[in-house]
Amino acid sequence: MGLNLTQKLIKSHLVEGTMVPGAEIGIRIDQTLTQDSTGTMAYLQLEAMEIDRVKTKLSVAYVDHNMLQEGFENADDHLYIQTVAAKYGIFFSRPGNGICHQVHLERFGVPGQTLLGSDSHTPTNGGLGMLAIGAGGLDVAAAMAGQPYFLTMPKVVKVELTGKLAAFVTAKDIILELLRRLTVKGGVGKIFEYTGAALADLTVPERATIANMGAELGATTSVFPSDEVTRAFLRAQGREEAWIELKADPDAEYDQVIVIDLNELEPLAAKPHSPDNVAKVREIGPIKVDQVAIGSCTNSSYQDLMKVARILKGKAVHSGVSLVISPGSRQVLAMLAENGALADLINAGARILEAGCGPCIGMGQAPASNAVSLRTFNRNFKGRCGTLSADVYLVSPETAAASAVFGVLADPRGLDVDLDVPMPEKFLINDNMIIPPALEPEQVEIIRGPNIKPFPQNTPLKGSLEGKVLIKLGDHITTDHIMPSNAKLLPFRSNIPYLAQYCLTPCDPEFPRRAEENGGGIIVGGENYGQGSSREHAALVPLYLGIKAVIAKSFARIHRANLINSGIIPLTFTDPSQYDQVRESDLLEIEDVESQLGSGSEIVLHNRTQGRVLPLRCELTAKERAVLLMGGKINLIKEQLRQKN
């Protein structure tokens, strides 16, 4: 029996374990990336590991999330990242150079290599034939220190694409259709591998769009083959030497097969407030639109924005619509400026933002109260845009541009515009905003501003674990709920004590106060707790507040890993009905927690308030168990390094 592409990529990097779904495996990491929202903490953790230089083939630090320097905090953090990158052997992409995933696709991604990034949309580079996985900052720091990345061997889902996309139907519609079918939980524990004759018509940026939003399925990652389309893209980027052919064996087997006939697709939109709440644009109808935002790591490529420029050329943005556009990279922006497309966008009434994440993460351009905002982004969680009362719809750039002109949600197939935008034979290449690491690292002084505080560290688990239920939450609590990351708070990403004042406040403004008054405690959640961003602040801030455990019906993959890395125990109900047997303010206790965690997956929880015993589960691999018992991954790594020395 032959291997599928996912198995080939994992096998070539496997350092521990066997490729059996559900088994723990360790893989060698070739490349890492960080961004400024998660990077400062990752590099503080890297420093704590006391190594001299990173051990990867390539590591890149990007600044793309917060470039609004209203105070000293952002500039200080950027300077810290730049100096630590210079000292430890990391390339530094300066503010304004672009979004990490877009720039990495253009300038650094290598087919066949592994990429671990402290951003949940790192799988974007699966569009290039990489095994690209999002993780918490500590896992990325460990990879930079030469540690393998450990995960549960996923199932592999074959997504066969047949047929051909009609005019004005896009790669965004492909992934929205998959989300419609599978929901935001449908990819948990799975890697999606794309195949089929239709791939020949999908460019690398289009493949990257699909891989990017695979994160919204809860998938470990998404993988595309490296073929002649990939080769042409790398050649146009001046990097053809990085290309290798990668594909599944003809007799490869998969755990699941999904077929999508592109002939049957039409423009789709994800309605508020979830990426899987998908319907056809024509069925939603011509609802009034107040704002349109085009960009993000999902849809900000050269071809995306060229198609938008063609739709807007000679037209005007509707008087009732605010249109903002965020190019994905400086390369994209420069090429639009050079060929005149930027002038078409500006003349139509678009507002051009800096090449960065911007509105996608709530950094500016919050809609008006009760507004409808169409966005080409990947997430439309309630309040993420910065306005709690706004309704956000996720659409393709073509649908967004058409709607900006008409002032209502519009099916772009009614336009008479030629959108045949060929892939450039040569991209405009200028890497002068990417700073290589220092040749004499010993001469580099790491600069820390006053806003950079030490990260909290746990202690080894001993004795009994006891705490009150501080809050009881529902299903699909996101990392935006747990630790908001808006324009007001993002400058304090390096200041855990300050951020602690806002932990879970979208759910309950009194939570931080209650946690402090009780000296910490326990959180209870529903299904898919911790979905969304990879930001480990959603674990570090609860750790700072004294959270000892989280009990949920189920966890999102990255957040569960971040909890374990912080030494917070992730517990699940053996039966979802047990959720109703726990109340806020109940006093809970796990006796002899060290022994219970070490002896298996069954955990006995005593509800002292109600006088009942509740059986829970804590499914852990051997590595995860060792991390928890040591009180977190940083403690374990430091102990391992001490033993080596």
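Brief remarks on what is shown
- If both residues of a DSSP beta bridge must be in segment 268-411, then about 30% of such bridges are antiparallel.
- Karplus 3J(HN,Hα) series, Hz, for segment 497-506 with 6.51 cos²θ - 1.76 cosθ + 1.60 (x for Gly, Pro): x, 5, 4, 4, 5, 10, 4, 6, 5, x
- Neighbour-count order for Cys507, Cys618, fewest beta carbons within 10 angstrom listed first: Cys507, Cys618
- DSSP bridge orientation in the chain - percent antiparallel, rounded to nearest 5: 35 percent
- Segment 1-35-segment 354-403 distance, computed between alpha-carbon centres (Å): 35 Å
- Between Lys644 and Leu587, the distance separating the two model label sites (each 7 Å from Cα on the Cα→Cβ line) works out to 4.5 nm.
- Peptide packing: for 350-360, 382-392, the average count of neighbouring Cβ atoms within 10 Å per residue gives the ranking 350-360, 382-392, highest mean first.
- Members of Lys158/Lys553; Lys185/Lys633; Lys155/Lys307; Lys57/Lys247; Lys87/Lys638 lying beyond 25 Å, as alpha-carbon distances in this model show: Lys158/Lys553; Lys185/Lys633; Lys155/Lys307
- Note on Asp420/Ala622: beta-carbon distance plugged into 1/(1 + (r/R0)^6) with R0 of 60 Å gives a FRET efficiency of 0.65.
- Length released on extending from Val613 to Ala166, taking residue separation times 0.36 nm less the Cα-Cα span: 155.1 nm
- C-alpha center-to-center spacing [segment 532-560, segment 321-344] in angstrom: 38 Å
- Between 0 and 90 degrees, the angle of helix 36-48 with respect to the longest Cα principal axis of the chain falls at about 40 degrees.
- For segment 356-429, relative contact order (Cα pairs under 8 Å, six or more residues apart, normalised by length) works out to 22 percent.
- On Cα atoms only, tilt of 330-339 relative to the major axis of the chain in degrees: 10 degrees
- Helix axis angle, 302-312 relative to the chain longest principal axis, alpha carbon, degrees: 50 degrees
- Counting every other Cβ atom within 10 Å of each residue's Cβ, Glu639, Glu425 order from fewest to most as Glu425, Glu639.
- For log10 I(q)/I(0) by the Debye sum over Cα atoms at q = 0.05, 0.07, 0.11 Å⁻¹, calculated from these coordinates, the label among [x] -0.41, -0.65, -1.07; [y] -0.26, -0.51, -1.22; [z] -0.21, -0.41, -1.07: [z]
- Peptides 461-472, 490-501 ordered by average Cβ neighbours within 10 Å, highest first: 490-501, 461-472
- Inter-probe distance in nm under a simple model that places probes 7 Å from Cα toward Cβ, at Glu517 and Ala75: 4.1 nm
- Cα centroid of segment 216-284 to Cα centroid of segment 421-498, whole Å: 28 Å
- The length gained by stretching the chain between Glu440 and Ser319 to full extension, at 0.36 nm per residue less their Cα-Cα distance, is 38.0 nm.
- Segment 56-138 - charge dipole about Cα centre, Lys and Arg +1 at Cβ, Asp and Glu -1, debye rounded to 20: 420 debye
- Inter-label distance for Val259 and Asn430, nm, one decimal - labels placed 7 Å from Cα along Cα-to-Cβ: 4.9 nm
- The aspartates and glutamates within cross-link reach of Lys271, meaning a Cα-to-Cα straight distance under 12 Å and a gap of 8 or more places when in the same chain, are Glu283, Asp391.
Quick note: the coordinates plus some simple rules give every number you see, no bench work behind them. On a predicted model such as this, the values are computed, not experimentally measured, just so you know. Note that we place each Cβ from the backbone using ideal geometry, even for glycine, and neighbour counts take in every protein chain shown.
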